[in-house]
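Engineer: Pasting in a structure now, in structure tokens, and then I'll have a few things to ask.
The values are calculated or read from the model by the stated rules, or taken from the named source; none is laboratory data. Computed from a predicted structure; not experimentally measured. Cβ coordinates were reconstructed from backbone atoms using ideal geometry, including for glycine residues, and neighbour counts include every protein chain displayed. The protein model used for the area step is the full one, side chains on, heavy atoms only, and it has no ligands, DNA or RNA in it. Shrake-Rupley method; radii C 1.70, N 1.55, O 1.52, S 1.80 Å.
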Amino acid sequence: MIKRWLKQKISEHYPDSGFDVLTPPDDKMGDYSVNLAFVLAEKNGTSPAEEGKGVVEKFSADREFTDRFGSIELVNPGFVNFKLSDDFLRDSIKDVFAMGGEFGNSDMGKGVKVNLEFVSANPTGPLTVGNARAASYGDTLGNILKKAAYVVGKEYYINDVGVQVKKLAESIKLRILELKGEKAEFGEDLYQGEYIKDIAKDFLDKGIPEEKIMAEAVKAMTEKAKDTMSAMGINFDEWFAESRLHEGGEVKAAFEELVSKGHVVEEEGAKWLKMNKDQKAVLIKSDGSTTYLMNDIAYTKNKFERGFDKAINIWGADHHGDVHRLKEGIKILGYNPDRLVILLHQLVSIKEKGEFQKMSKRAGRFVLLDDLLSEVGKDAIRFFFLTRD
């Protein structure tokens, strides 16, 4: 608001000058810095120092400026720096309270529909402390976008198709066998956490038939995630199941469109997306199953077909290699890749006995987000993660 006011007022005195209002790298230099003196020096054939002196004198004698700025100074090699006065800042606090929830509103994104997808953890276990970072980041970003008049749809993507949910179901079945007194061999690639035993006992008590275990497990994990997110103060507008894309034929249709555009090649029994002469990525494995990339291409297409102007995905930094591939995929389908924004955040580690431990649902080594919520509460958690770059 002040930056815009400063730009407008200086422009009234120096029309068509094409200057910039900048934020100094060090707050000791002031709150705003203007390169107007360089523009005037080039235009008039003088020095920035000479022009800057005149700019400072003009605005230092202007009540509109002195009411807002405690100091207006010329610094080498010719920048004019403005520092807000303490009185102005104190008076501004009154305006903040007077405006209440309206403070900070803008119409910058008026009418622009944004799909904001975040957290989207596999439904193979309860949400952990690691999910708290994306939750804090995504929900706060959504709130900021809403303040700027964007129409925001907060979305959670449920990966209820593929190898991991099959392993979840297999893990539960084996635990049920154990509860029945039978011997069960657990492979290292199955889920070992105590929560698997709890689900197995619950399913055994309810008499859930074997063929429904996978669907019921995903349903149970999703409901648990909803409760945890609600405790974090987050309410998603949409819980979108990946199975919808497959059942509705959208994944198949997106793949066929890529084929029709000449960007799919077959090698070693797998189908690859050919992005350019040197780059390609697997879309369909040799066993016929689709990859995350293929599903994500269809999912992003679905978002745009639902009427969203922009899609923002918040991913962990371990997915950085997928950013370029996904943007290339939707570009081939005819969408402007700039409509997709992917924001990456660093992963969360837990320090135990002086050593950092990587969390793993499969190995049963993690700290539940619910436990942290019960210890310190959502406000402290969100604040902590938002203060970390």
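Engineer: Please work out the ratio of the alpha-carbon Rg of the stretch 269-389 to 2.2 N^0.38 Å and round it to two decimals. List each step's numbers first, then the result.
Structural biologist: Working: Rg = 18.6 Å, N = 121, 2.2 N^0.38 = 13.6 Å.
That works out to 1.37 for the stretch 269-389.
Engineer: On to the next question. Can you pull out the GluC sites (Glu not before Pro) in the stretch 239-296 whose DSSP state is coil and whose Cβ has at most 14 other Cβ atoms within 10 Å?
Structural biologist: Values: sites: E242, E247, E250, E256, E257, E266, E267, E268; in loops: E268.
Loop-located and lightly packed - E268.
Engineer: Can you list which of the trypsin sites (Lys or Arg not before Pro) found in the stretch 195-304 are DSSP loop residues with at most 10 other C-beta atoms within 10 Å? Spell out each step's value before the answer.
Structural biologist: Values: sites: K197, K201, K206, K212, K219, K224, K226, R244, K252, K261, K271, K274, K277, K280, K285, K301, K303; in loops: K261, K277, K285.
Answer by residue number: K277.
Engineer: Please report, in whole Å³, the volume per residue of the convex hull around the C-alpha atoms of the stretch 69-216. Present the calculation step by step, with values, prior to reporting the outcome.
Structural biologist: Numbers: hull volume 35.0 nm³, N = 148.
Cα-based convex hull of the stretch 69-216, divided per residue, equals 237 Å³.
Engineer: Ranking request for peptides 130-136, 36-42, 187-193, 83-89: highest mean number of other beta-carbon atoms within 10 Å first, then the rest in descending order. Write out the running numbers ahead of the final one.
Structural biologist: Values: 130-136: 23.1, 36-42: 19.1, 187-193: 15.3, 83-89: 13.4.
Final packing ranking: 130-136, 36-42, 187-193, 83-89.
Engineer: Considering the alpha-carbon set of the stretch 194-240 alone, what are its Rg and its Dmax in angstrom?
Structural biologist: Just the Cα atoms of the stretch 194-240 yield Rg and Dmax of 12.7, 35 Å.
Engineer: State, to one decimal in nm, how far the label point of L347 lies from the label point of N276, with both points 7 Å from Cα in the Cβ direction.
Structural biologist: Placing both labels 7 Å along Cα→Cβ, they lie 2.9 nm apart.
Engineer: Shifting gears a bit: Using θ = phi - 60° and the Karplus relation 6.51 cos²θ - 1.76 cosθ + 1.60, list the HN-Hα couplings for the stretch 145-159 in order, rounded to whole Hz, with x at every Gly or Pro.
Structural biologist: Result, ordered by residue: 4, 5, 4, 8, 6, 6, 8, 9, x, 7, 10, 10, 9, 9, 7 Hz.
Engineer: Sequence-distant or interchain residues sharing an amide H contact under 5 Å with V152, placed H: which?
Structural biologist: HN-HN under 5 Å from V152: V114.
Engineer: Magnitude of the Cβ-charge dipole of the chain, K/R +1 and D/E -1, about the Cα centre, nearest 20 debye?
Structural biologist: Details: 57 positive and 65 negative charges, 77 e Å.
So the dipole magnitude of the chain works out to roughly 380 debye.
Engineer: Okay, next question. Just name one of S92, V34, P48: the one whose Cα is farthest towards the positive end of the charge dipole of the stretch 2-96 (beta-carbon charges, Lys/Arg +1, Asp/Glu -1).
Structural biologist: Of the options given, the answer is S92.
Engineer: Give the long-range amide H neighbours of R365: residues separated by 5 or more places, or on another chain, with amide H under 5 Å away, using H modelled in the peptide plane at 1.01 Å from N.
Structural biologist: Amide H neighbours of R365: S360.
Engineer: Still on this structure: For the chain, what is the accessible area per residue in Å² when the probe is 1.4 Å? Don't skip to the answer; put the middle values down first.
Structural biologist: Working: 21570 Å² over 389 residues.
Each residue of the chain exposes 55 Å² on average to a 1.4 Å probe.
Engineer: How long are the semi-axes of the ellipsoid equivalent to the stretch 1-102, from square roots of 5 times the Cα gyration tensor eigenvalues, in whole Å, largest first? List each step's numbers first, then the result.
Structural biologist: Working: eigenvalues 141, 38, 29 Å².
Result for the stretch 1-102: semi-axes of 27, 14, 12 Å.
Engineer: How big is D, in µm² s⁻¹, for the chain by Stokes-Einstein at 25 °C and 0.890 mPa s if Rh is the Kirkwood radius over C-alpha pairs?
Structural biologist: On the way: Rh = 25.3 Å.
My calculation gives 97 µm²/s for D.
Engineer: Quick one: pull the percent of accessible area on the stretch 245-349 belonging to carbon and sulfur, 1.4 Å probe, ligands and nucleic acids left out. Could you put the intermediate results ahead of the total?
Structural biologist: Values: 2540 of 5410 Å².
Percent of accessible area from carbon and sulfur atoms in the stretch 245-349: 47.
Engineer: Enumerate the amide H contacts of L22 below 5 Å, restricted to partners 5 or more residues apart or on another chain; note that Pro and chain-start residues carry no placed amide H.
Structural biologist: Answer set, sorted by chain and number: S33, V34, N35.
Engineer: Right, something else. Separation between the R244 and D371 pseudo-spin-labels, each 7 Å from Cα along Cα→Cβ, expressed in nm?
Structural biologist: If labels sit at R244 and D371, their model points lie 3.4 nm apart.
Engineer: Using the Karplus curve 6.51 cos²θ - 1.76 cosθ + 1.60 with θ = phi - 60°, work out ³J(HN,Hα) for each residue of the stretch 70-82 in order, rounded to whole Hz, and write x for Gly and Pro.
Structural biologist: The phi angles translate into x, 8, 10, 10, 9, 10, 4, x, x, 6, 10, 9, 10 Hz.
Engineer: Further question on the same structure: Please report, as a whole percent, how much of the solvent-accessible surface of the stretch 68-226 comes from carbon and sulfur atoms (probe radius 1.4 Å).
Structural biologist: That share works out to 53 percent.
Engineer: Follow-up question, since we're still on this one. Provide Rg and Dmax in Å for the stretch 184-329, with only Cα atoms included in the calculation.
Structural biologist: Rg and Dmax of the stretch 184-329, Cα atoms, are 18.8, 57 Å.
Engineer: Next question, about the same structure. Under 8 Å for C-alpha pairs, at least 6 residues apart: give me the relative contact order for the chain, rounded to a whole percent. Walk me through the intermediate numbers first.
Structural biologist: On the way: 563 pairs, mean separation 61.6, N = 389.
Reported as a whole number, the value is 16 percent.
Engineer: Residue by residue through the stretch 185-195, what is 3J(HN,Hα) from phi via Karplus (6.51 cos²θ - 1.76 cosθ + 1.60, θ = phi - 60°)? Round to whole Hz and write x for glycine and proline.
Structural biologist: Working through the residues one at a time gives 9, 9, x, 5, 8, 8, 8, 9, x, 4, 4 Hz.
Engineer: A follow-up question, please. From the residues V151, Y195, I172, which one has its Cα farthest along the dipole of the stretch 144-201 in the positive direction, the dipole being from +1 and -1 charges on Cβ of Lys/Arg and Asp/Glu about the Cα centre?
Structural biologist: Looking along the dipole axis, the top candidate is V151.
Engineer: Using alpha-carbon pairs under 8 Å, 6+ residues apart, how would you state the relative contact order of the stretch 11-72 in percent?
Structural biologist: On the way: 51 pairs, mean separation 12.2, N = 62.
Here the relative contact order equals 20 percent.
Engineer: Over the stretch 86-243, what is the relative contact order in whole percent, taking alpha-carbon pairs under 8 Å and six or more residues apart? Can you show the working numbers first?
Structural biologist: Values: 184 pairs, mean separation 45.7, N = 158.
Relative contact order here is 29 percent.
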